[in-house]
Amino acid sequence: MEIQAILGIAAGVISTAAYIPYFASILKGRTRPNRATWWIWAVLGIIICASYWSVGARSTFWYTLPIGMVTTALLSLKYGVGGWTPFDRLCLGGAAAGLLLWWVSGIPFTALAVGMIIDMIGYFPTMRKIWGGSGSEDRLTWAMFLAAAVLNVAAIDKWTLEIAFYPLYIVVFNALVLALILRESAKPRKS
């Protein structure tokens, strides 16, 4: 087995394992996942996973498995925050449009590109929640997500736009979320 395949599997394992402290934090009431973010990511996770496999990703595919995303989306129904604003519905509709574009065009990269744009939009409700000082995101989970994303970049065995763009994008946005969490946790608390 090549090193990229091992790194890709490790990225998938770490990414999936990151949900364990996240689920525990949700169930203890310390983390309140944004419903819109996680439902967008659950729907898109399925689309991106399928389209990423279709464009030829193999070593980096494991990171995209949407098991944790779907479970978090389900938990957000009871333990989450946020609602279904027109913006949220627009993002979910965009995910459906990405799937339709892939089906109509027959080009998996179309679904991947559209999905990534909508996925990026999915970060915004959570980032806004963190920026507002809610303190309701788990630092360990997001650090593990970032570590897995970095490993996933190292696992790239075929550097093409179709394969490299998604892992690089995930590193950037997970780093942004973690930076916001660290920024908020470094602020002095009001008594």
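The values are calculated or read from the model by the stated rules, or taken from the named source; none is laboratory data. Given the structure is predicted, the values throughout are model-derived calculations rather than measurements. Heads up, the Cβs are rebuilt from the backbone with ideal geometry, glycines too, and the neighbour counts pull from every protein chain shown.
Computed values, structure above
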{"read-out": "Region 136-191 - residue that is among the hydroxyl-bearing types (Ser, Thr, Tyr), in a helix (DSSP H, G or I) and surrounded by 19 or more Cβ atoms within 10 Å (Cβ to Cβ) and, of those, modelled with the highest pLDDT", "value": "THR141"}
{"read-out": "Selection status of TYR63, under 12 Å from PRO108 (Cβ atoms), modelled with pLDDT under 85, of a type in the set (Phe, Trp, Tyr) and in contact with a helix residue (DSSP H, G or I) (Cβ under 8 Å, 6 or more places away or on another chain)", "value": "no"}
{"read-out": "Selection status of TYR123, in contact (Cβ under 8 Å) with a residue 60 or more places away in the chain and over 18 Å from ALA50 (Cα atoms)", "value": "yes"}
{"read-out": "Residue pairs meeting the criteria (Cβ under 6 Å; at least 6 apart or on separate chains; first under 11 Å from PRO33 (Cα atoms) and in contact (Cβ under 8 Å) with a residue 12 or more places away in the chain, in region 129-148; second surrounded by fewer than 20 Cβ atoms within 10 Å (Cβ to Cβ) and among the acidic types (Asp, Glu))", "value": "ILE130/GLU184"}
{"read-out": "Test set (1) modelled with pLDDT under 90; (2) buried (at least 16 other Cβ atoms within 10 Å of the Cβ); (3) in contact with a Gly (Cβ under 9 Å, 6 or more places away or on another chain); (4) within 18 Å of ALA36 (Cβ to Cβ) - TYR123 fails condition number", "value": "(3)"}
{"read-out": "Region 123-135, residues that are polar (S, T, N, Q) and in a helix (DSSP H, G or I)", "value": "THR126"}
{"read-out": "Test for THR37: is it outside any strand (DSSP E or B) and closer than 19 Å to ALA147 by Cα", "value": "no"}
{"read-out": "Conditions (1) at negative phi; (2) surrounded by fewer than 20 Cβ atoms within 10 Å (Cβ to Cβ): number failed by ALA11", "value": "(2)"}
{"read-out": "Qualifying position, being in a helix (DSSP H, G or I), among the β-branched types (Val, Ile, Thr), within 27 Å of ALA179 (Cβ to Cβ) and out of contact with any Leu (no Cβ under 6 Å at 6 or more places or on another chain), among THR72, THR31", "value": "THR72"}
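For every residue, the table says whether it meets (1) out of contact with any His (no Cβ under 9 Å at 6 or more places or on another chain); (2) surrounded by fewer than 20 Cβ atoms within 10 Å (Cβ to Cβ); (3) acidic (Asp, Glu); (4) part of a helix (DSSP H, G or I).
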| residue | (1), (2), (3), (4) |
| --- | --- |
| LEU44 | yes, no, no, yes |
| SER59 | yes, no, no, no |
| TYR63 | yes, no, no, yes |
| ALA97 | yes, yes, no, yes |
| TRP102 | yes, no, no, yes |
